[in-house]
1. Could you tell me whether V124 is within 15 Å of the ligand (Cβ to nearest atom) and open to solvent by 10 Å² or more (accessible area, probe 1.4 Å)?
2. Going through the range 346-367 one residue at a time, which ones are in contact (Cβ under 8 Å) with a residue 40 or more places away in the chain and within 17 Å of P281 (Cβ to Cβ)?
3. With respect to Y129, determine if the residue is within 16 Å of the ligand (Cβ to nearest atom) and assigned to a helix (DSSP H, G or I).
4. Taking the range 91-111 as the region of interest, how many residues are open to solvent by 40 Å² or more (accessible area, probe 1.4 Å) and more than 14 Å from the ligand (Cβ to nearest atom)?
5. Residue by residue through the range 152-184, note down the ones that are within 16 Å of the ligand (Cβ to nearest atom), farther than 12 Å from G122 by Cβ and at pLDDT below 95.
6. Can you tell me which residue is nearest to the ligand (Cβ to nearest atom) among those in the range 134-151 that are assigned to a helix (DSSP H, G or I) and more than 24 Å from the chain's Cα centre (by Cα)?
7. Among the numbered conditions (1) closer than 20 Å to L400 by Cα; (2) surrounded by fewer than 19 Cβ atoms within 10 Å (Cβ to Cβ); (3) in contact with a helix residue (DSSP H, G or I) (Cβ under 8 Å, 6 or more places away or on another chain); (4) touching a residue at least 24 places away in the same chain (Cβ under 8 Å), tell me where Q265 comes up short.
8. All but one of (1) part of a helix (DSSP H, G or I); (2) modelled with pLDDT of 80 or more; (3) not basic (K, R) hold for E243; state the number of the condition that does not hold.
Amino acid sequence: MPKVRILAGLLTLLLAGCGLVPAPGPATDATAASSAVVTKSLRDVERFWAARYPPIADGAKFQPVQGGYHPYTENDPPPACGGEPVEYQPNAFYCPTEDFIAWDAQNLIPQLQETYGALLVGVVMAHEYGHAIQTRLGRTRQPTVVLEQQADCFAGAWLAEVQAGRSEAFQKASESQLENTVAGVLMLRDQPGTSALAEGAHGNAFDRIRALQEGMEQGNGQCAGYRADNLPVTEVPFSTRAEAASGGELASYEESVNLLAQDAQSYWQRTFPRLTGSAWPELPIQPFEAGSPPDCRQPDTSAQGAAFYCRDGDYIAFDNQDLGPALYERIGDNAVGMLLGDLFARAAQARRGASTTDKKGQLAVDCLAGSWTNDLLTRGEDRGIRLSPGDLDEAVAALLAFGRADEGNAPTAFERIAAYRQGVLEGLNACD
Ligand SMILES: [Zn+2]
């Protein structure tokens, strides 16, 4: 079952990448190889901006970065920025006072390239260059999270150039390369619970991937218009100390399944009549042991045999032994939420007589799953469970794990994340 193997692979990746503090090591061949990628990326991003800067700057001519490009290592630090020496960190940054871009050529960049591919290195550099563009536009007096999302959006505009075959550094990426890049962005997220107003906040992965996709679809003019008052920011700090102490996680896999399944059931009882005019009959749930699913003639699934909605039996079933606990332990409680959200949404889509298997149907399922997340995100404090910081990123990680492109005309994880986000941000009405 190829999909399950891919799932396990991605989960390992997610676990291994956590925290992004690579062990210091000596300079290697990987260092040299990634420096070549960085250099050609920056050159290509510069070429991109030479053409695309004037239209968003009232015709002003583009001036490339003047302070140079500086790879650094533990023993060979970057130049001082704003008169302050820069301590070694596994990082990449733009220094506005000296107008230079610097990156950790010893650990961070080689490891990103090795784990997620060269294109992610290009995206990171395009992001840093985006900060240089902000400085040139004189648009830096905005909350950090706005500036970071704008830089992600600018990086997306450059990525569209790659996908259009116009880059001189990269060939058009395959769906799986694109998904690896998104998985990399997911890894570069803020720690859950960071306030969007905190100094240095980059935004959660959910918001960052939105900005990146928006830049890809709508171009740098859209990015240039980012302001605190027109940007959806879903990153929230923990609301209580107890929530911070638990990391916002429900205490166990069993508790997650029970509470989330109950909540999904009541959500669809409340909202299904709005969608169809008819009531929502309680949806039976059949957890099963790994490898022993209940018999079903028409299983409808995005996780192969490990979880499905059974059309002929009108029930949902999932592997309660391997898949469920692995999602909880390796990603978090809301990866379980995404699994259940997907299955309930499949049932809702089938019960309203629509397809769940063609591309349009699959994307509608993702949007419907997102509409439940929207409800969890926007409800009052007194109503059952709520989303906590990190949960949206867990949902995206789970979608990437289920929805990797590996066959024909199925939607890609990239498209599925966009459809899910639409449901999250706009609610049920967005899912017709
Ligand atoms: Zn940044």
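1. For V124, the condition - within 15 Å of the ligand (Cβ to nearest atom) and open to solvent by 10 Å² or more (accessible area, probe 1.4 Å) - is met.
2. Selection gives R346, A347, A348, A350, R351, R352.
3. In short, yes.
4. Matching residues across the range 91-111 total 3.
5. Residue satisfying the conditions is D152 alone.
6. The extreme case among them is T135.
7. Single failed check for Q265: (1).
8. (2)
The values are calculated or read from the model by the stated rules, or taken from the named source; none is laboratory data. What you see is a predicted model, and the numbers here were worked out from it, not measured in a lab. Counting neighbours? That spans all protein chains shown, and the Cβs are built from the backbone with ideal geometry, glycine included. Heads up: the accessible areas ignore ligands, DNA and RNA and are worked out on the full protein's heavy atoms, side chains in. Shrake-Rupley method; radii C 1.70, N 1.55, O 1.52, S 1.80 Å.
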